[in-house]
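The values are calculated or read from the model by the stated rules, or taken from the named source; none is laboratory data. Bear in mind the structure is a predicted one, so any value in this text is a computation, not a measurement. Neighbour counts are summed over all protein chains in view; Cβ atoms, including those assigned to glycine, are modelled from backbone coordinates with ideal geometry.
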Amino acid sequence: MKKRYMEVRDHKVIDDYSFQKKYVDTKEFKGYVGLVNVDHTLDDWYVPRDDGSQVCILKSGFKWLEFYPDGAKHAITAIYNEEGKLVEWYFDMVKEFGMENGMPYMMDLYLDLVITPKGEIYVLDEDELQEAVQTKDITEADYQMAHQTLDMLLEKYDNGNNIVELENLTDKYLKEFEE
């Protein structure tokens, strides 16, 4: 299982960044929210899309807005490009959240979900989840929980057809950090 910190201090491509976080307790969200301003990368990251195109998800000038909801089994990263436009929402399925030396972290269960602003859906790393359960890095219960969380998110966002609430949430907190 991978331990990932909200602050990207050990990221292999992000060379320089600034970071801020806060705890939020409102009716629409309760948990930690953090913003990584990516000042410089050693390389740009591109991911493929179903139409054959490539989309940049990490580059100098990008912002990663991260949400660690209390009591949830997923984290959300809203990725904004250098022009401030949303590129995608990236959901990590999570075994648990914790805190170490004042920094929130998650125990990542490998399985991921991407939703684009157009409502496209991508389920990622099922092979890594499968391998993790086979090598006993995670339990069968962890495996089931990751899939149950994925199914809940797909239903909540209606397979990409109901993302207004998600967009409002992430845009609100990005604006708060930038004020």
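Computed quantities for the displayed model
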{"item": "Residue within segment 123-135 that is crowded, with 21+ Cβ neighbours inside 10 Å and not in a strand (DSSP E or B) present", "result": "yes"}
{"item": "Any hit, segment 150-159, residues being modelled with pLDDT of 95 or more and either of a type in the set (S, T, N, Q) or part of a loop (DSSP other than H, G, I, E, B) (or both)", "result": "no"}
{"item": "Boolean, GLY119 is over 12 Å from the mean Cα position of the chain (by Cα), surrounded by fewer than 16 Cβ atoms within 10 Å (Cβ to Cβ) and under 17 Å from VAL33 (Cβ atoms)", "result": "no"}
{"item": "Every residue from segment 97-122 that is β-branched (Val, Ile, Thr) and part of a loop (DSSP other than H, G, I, E, B)", "result": "THR116"}
{"item": "Condition met for MET106 (surrounded by 20 or more Cβ atoms within 10 Å (Cβ to Cβ) and either at pLDDT below 95 or on the phi < 0 side of the Ramachandran plot (or both))", "result": "yes"}
{"item": "Selection within segment 44-57 - assigned to a loop (DSSP other than H, G, I, E, B) and loosely packed, with under 11 Cβ neighbours inside 10 Å", "result": "ASP50, ASP51, GLY52, SER53"}
{"item": "Any hit, segment 8-19, residues being within 14 Å of PRO104 (Cβ to Cβ), in a strand (DSSP E or B), out of contact with any Cys (no Cβ under 9 Å at 6 or more places or on another chain) and small (Gly, Ala, Ser)", "result": "no"}
{"item": "Test: residue in segment 23-42 that is within 16 Å of VAL114 (Cβ to Cβ), outside any strand (DSSP E or B) and touching a residue at least 12 places away in the same chain (Cβ under 8 Å)", "result": "no"}
{"item": "When residues of segment 21-43 are limited to those that are more than 12 Å from PHE67 (Cα to Cα) and not charged (D, E, K, R), the one surrounded by the most Cβ atoms within 10 Å (Cβ to Cβ)", "result": "VAL38"}
{"item": "Only one of ASP127, ASP92, ASP137 that is touching an Asp or Glu at 6+ places or on another chain (Cβ under 6 Å) and at pLDDT 95 or above", "result": "ASP92"}
{"item": "Unique match (being surrounded by 15 or more Cβ atoms within 10 Å (Cβ to Cβ), part of a strand (DSSP E or B), at pLDDT 95 or above and of a type in the set (Gly, Ala, Ser)) among ALA146, ALA78", "result": "ALA78"}
{"item": "PHE91 vs. criteria under 14 Å from the mean Cα position of the chain (by Cα), of a type outside the set (Ser, Thr, Tyr) and either in a helix (DSSP H, G or I) or closer than 15 Å to GLY34 by Cβ (or both)", "result": "no"}
{"item": "Pairs, first without any contact (Cβ under 8 Å) to a residue 40 or more places away in the chain in segment 66-83, second surrounded by fewer than 16 Cβ atoms within 10 Å (Cβ to Cβ), C-beta under 6 Å, six or more apart", "result": "GLU82/GLY61"}
{"item": "Number of the condition not met by GLU66 [criteria: (1) closer than 19 Å to LEU111 by Cβ; (2) exposed (fewer than 14 other Cβ atoms within 10 Å of the Cβ); (3) of a type outside the set (A, V, I, L, M, F, W, C)]", "result": "(2)"}
